[in-house]
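Beneath this line is the structure, given in structure tokens, with notes to follow.
The values are calculated or read from the model by the stated rules, or taken from the named source; none is laboratory data. These figures come from a predicted structure and were not determined experimentally. FYI the Cβ positions are ideal-geometry reconstructions off the backbone, even for glycines, and counts take in every protein chain you see.
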Amino acid sequence: MRDRGTFGARLDRKATPFLFIAPFFAVFAVFGAFPMLYTVWVSLHDWDLLAGDRGGFGFGNYVQLFGDPRFYNALGNTISIFLLAAIPELFVALCIAALLNHRLRGSTWWQTGVLLPNVVSVAAVGLVFAQLYGRDFGVVNEVLGWFGVSPVSWQAHRWSSHLAVASMVMWRWTGYNALIYLAAMQAVPQELYETAALDGASRWRTFWSVTVPGIRPAIAFTVVAGTVNGLQLFAEPQLFDAGGGGTGGNDRQFQTLAMYLYEKGITKFDAGYAAALSWVLFLVCVLFAVFNYRLLRRLVRSS
Amino acid sequence: MRKLTSRPVAAAIAAALLLLSSACGDSTATGGKVTLTVATFGEFGYQPLFEQYEKDHPGIEIKSRVTDFDTHFKSLSTQLAAGRGAADIVAVEEQQLPKYQQVQDKFVNLAEYGANELKNQWVPWKWAQGTKDGYVLGLGTDMGSLAMCYRRDLFQQAGLPTDRKAVAALMPTWQAYADLAGRFAAEQPKVKFADSAGSVYTAMLNQSPENYFSAKDDSYVADRNPSVRNAFYLAGGLAERGQTAAVTTYTQAWNVAIKQGSFATIACPAWMLTQIKEAGGTDVGGKWDVTTVPGNSGNQGGSFLTVPKQSEHPKEAYDLARWLTAPEQEKKLFLNAGILPSEPSVYEDPQVIAHTDGYFSNAPTGQLYAASANQLRPNYRGLHDADVRPEFGKALGRIEEGSENVDQAWADAVQMGREAIK
């Protein structure tokens with residue numbers, strides 16, 4: 001009896017913590033790990049979304065993918081939109097955070113306010129922006145017209161569609177990033193600012209030499225998270241392409257990788273190709289996240 | 001603390017079980033009633049019929065699931081792939097049908113429930129479209145016989161006749177239509193003649209018995225079929241001369257263009273009248289009219305009701321689908337919602353032929369569409385039609401955007417169409 005009791009207690013002590021965290025891992029295994037591994041399996045076959053496995057085990061999908069000009073087109077578009085959106089977005093977020101970090105009247109109101117665009121459903125954002133950028137009756141063209149600019153067909157050109165989609169991304173994510181920066185800024189030790197003030201540093205100098213290095217982990221987080229989000233960009237350009245069937249314009253001028261994946265997998269039923277594409281997209285995300293993180297570390301350290 | 005967690009193992013297991021059991025659960029049969037879900041896109045006009053059917057069949061409850069065209073077919077594909085989630089009755093449009101016929105074992109063969117007895121109800125080609133090698137995939141609903149919608153007021157301002165017969169006489173062929181576009185543009189430079197090159201092209205192509213694929217062996221003939229080339233060059237020419245409003249059908253921009261009167265004509269299948277009404281609202285009511293389309297007829301669209309195999313109540317679903325597509329109901333749908341039946345006994349019905357539409361200047365829509373339906377030559381689509389078609393549409397879009405001329409766009413479209421088949 002006594003032995004069984006201690007054995008039970010020992011087992012209890014060892015196993016209980018794992019059992020408590022087990023639900024998460026169970027859910028992750030079912031909805032995270034299994035689909036991922038299954039995607040590997042699918043990507044190695046000629047797989048039709050409806051008909052299923054049609055044989056042909058091998059790297060055929062990957063070989064085809066790396067020779068597919070539409071893949072490189074989508075990759076280029078994705079990176080272009082990502083850069084157009086992310087760089088201004090992070091700088092503007094930094095400025096907003098710096099402003100909010102000063103004692104403002106009604107600061108809670110402002111802090112909530114900057115997050116609002118992020119709370120609004122992306123579908124609504126997409127519909128509204130698509131109308132703002134309308135060619136014939138859009139507000140943006142109307143305003144440009146006041147300055148003598150002739151109407152722009154925003155969806156029709158590569159540069160204009162990238163700018164328009166990037167503006168949607170910025171609208172959604174700037175406030176969110178600003179709040180993360182703000183939280184980090186409020187944790188920067190006050191003594192550092194006092195020392196800087198004693199040394200006679202200007203506010204500009206203090207910002208770049210004390211605040212920015214002080215929130216480096218937050219910047220690193222937003223850069224990595226922003227990279228992953230940006231490279232998987234889907235909803236905004238998809239909604240911007242009204243009636244285009246998800247090809248990102250008549251010349252695929254703003255089709256992102258995720259949109260191409262969707263076109264292949266869901267519209268054309270080529271699940272094997274789409275699965276291969278999703279794995280390549282994953283690798284691209286990892287590469288970019290690591291690269292950006294390193295770049296950032298170097299930049300902030302040197303300043 | 002120790003006391004509280006004396007049986008943690010059991011507690012954790014219980015929690016995990018609870019989590020799992022709450023995740024699984026089904027509820028199709030509520031209180032002895034059979035619930036049938038009907039998934040449609042756009043406007044089928046079924047709501048009043050559902051209410052009547054529920055009243056006549058107390059054991060049946062009908063849930064309607066209406067989404068837009070793209071969402072409808074994307075969901076259907078994922079639901080078929082996942083093996084669950086599809087409605088009991090799913091509407092499939094004629095251009096999408098060949099794609100699903102390739103995986104027809106995912107759908108109930110309606111012949112098993114006696115659909116073959118109904119065969120003569122439909123125009124023969126409609127029945128044939130929904131059937132492949134004896135496998136009855138769907139029961140025909142409406143059809144999209146073509147007419148031409150035009151703005152009387154804009155025609156008048158351009159100094160053109162406004163009378164239906166006179167307008168039809170001005171454009172017996174598509175070439176005449178294109179010539180008329182030139183006359184119109186000279187008088188009315190601010191308004192475009194057609195909504196988009198794509199819709200002119202589609203209407204023309206739908207009058208041809210073969211499109212991108214040969215009816216004989218399903219081989220790709222887009223580059224050799226003169227109908228495809230003629231339609232592309234005629235529509236592309238309109239686009240190049242800036243005579244189209246360059247708005248994609250059913251988009252927000254298209255709705256606004258109708259409301260603002262940005263274009264004067266559109267080839268309109270029967271089901272499009274409702275969409276023009278909804279987009280135009282009261283502002284343009286009475287300004288539109290309908291007449292015969294160049295080339296007299298043609299079919300564009302029209303759907304079928306199918307029953308996915310995953311349905312738990314295929315028999316009940318079939319009964320409802322049969323009832324919804326029966327002549328009596330199809331007649332009601334036309335008179336109430338303007339949905340053109342694919343059954344001769346209905347579209348030749350005197351009440352249907354006498355039907356006029358107040359929104360379209362009292363145009364005799366019943367007579368116009370019935371006449372078009374009678375002259376209709378069905379066309380062969382081919383298994384990969386839905387893959388190839390968008391490439392030609394996008395090529396015409398590039399002409400409208402000014403990034404390609406007609407020759408470049410044609411060469412690209414033929415090439416990309418071939419690649420799309422894989």
Do we have any residue at all in the range B:390-410 that's crowded, with 21+ Cβ neighbours inside 10 Å, more than 20 Å from A:GLN253 (Cα to Cα) and under 19 Å from the mean Cα position of the chain (by Cα)? no
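Among the residues of the range B:312-322, which ones are assigned to a helix (DSSP H, G or I) and buried (at least 16 other Cβ atoms within 10 Å of the Cβ)?
Those that are assigned to a helix (DSSP H, G or I) and buried (at least 16 other Cβ atoms within 10 Å of the Cβ): B:PRO314, B:GLU316, B:ALA317, B:TYR318, B:ASP319, B:LEU320, B:ALA321, B:ARG322.
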Positions within the range A:112-153 being touching a residue at least 40 places away in the same chain (Cβ under 8 Å) and surrounded by 17 or more Cβ atoms within 10 Å (Cβ to Cβ), in sequence order: A:VAL114, A:VAL125, A:GLY126, A:PHE129, A:ALA130, A:TYR133
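Can you tell me which of B:THR244, B:THR248 is under 16 Å from B:GLY397 (Cβ atoms), within 13 Å of chain A (Cβ to nearest Cβ) and at pLDDT below 95?
B:THR248
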Here are the criteria: (1) within 13 Å of chain B (Cβ to nearest Cβ); (2) at pLDDT 90 or above. Tell me which single one A:LEU83 does not satisfy. (1)
Taking the criterion of being over 18 Å from the mean Cα position of the chain (by Cα) and under 30 Å from B:LEU180 (Cα atoms), would at least one residue in the range B:135-151 satisfy it? yes
Helices (runs of 4 or more DSSP H) wholly in the range B:35-109 with at least 1 residues that are free of Cβ contacts under 8 Å to residues at least 12 places away in the same chain and surrounded by fewer than 17 Cβ atoms within 10 Å (Cβ to Cβ) - which ones? B:47-56, B:69-82
Quick one: which helices (runs of 4 or more DSSP H) lie wholly within the range A:18-135 and hold at least 3 residues that are over 20 Å from the mean Cα position of the chain (by Cα) and not assigned by TED's automatic domain parsing to the domain that holds A:GLY248? A:34-43, A:60-66
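Any idea how many residues of the range B:376-404 are away from chain A (no Cβ under 14 Å) and either at pLDDT 95 or above or touching a Gly at 6+ places or on another chain (Cβ under 9 Å) (or both)?
3
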Out of the range B:396-422, which residues are without any contact (Cβ under 8 Å) to a residue 40 or more places away in the chain and under 15 Å from B:SER196 (Cα atoms)? B:ARG398, B:GLY402
Return the total of residues in the range A:233-277 being surrounded by fewer than 22 Cβ atoms within 10 Å (Cβ to Cβ) and away from every other protein chain (no Cβ under 14 Å). 1
So, in the range B:70-106, of the ones that are among the basic types (Lys, Arg) and more than 16 Å from A:GLU263 (Cβ to Cβ), which residue ends up nearest to the other protein chains (Cβ to nearest Cβ)? B:LYS106
Identify the residue in the range A:154-176 that is out of contact with any Asp or Glu (no Cβ under 8 Å at 6 or more places or on another chain), under 26 Å from A:VAL119 (Cβ atoms) and of a type in the set (Phe, Trp, Tyr) and, among all such residues, is surrounded by the most Cβ atoms within 10 Å (Cβ to Cβ). A:TRP154
Do you know which residues across the range B:251-273 are within 13 Å of chain A (Cβ to nearest Cβ) and among the polar types (S, T, N, Q)? B:THR251, B:GLN252, B:ASN255, B:GLN260, B:SER262
Yes/no for A:LEU179 being surrounded by fewer than 23 Cβ atoms within 10 Å (Cβ to Cβ), within 30 Å of A:THR108 (Cβ to Cβ), touching a residue at least 40 places away in the same chain (Cβ under 8 Å) and more than 14 Å from chain B (Cβ to nearest Cβ): yes
Which one of the conditions (1) surrounded by fewer than 20 Cβ atoms within 10 Å (Cβ to Cβ); (2) in contact (Cβ under 8 Å) with a residue 12 or more places away in the chain; (3) more than 14 Å from chain A (Cβ to nearest Cβ) does B:GLY338 fail to meet, given that it meets all the rest? (1)
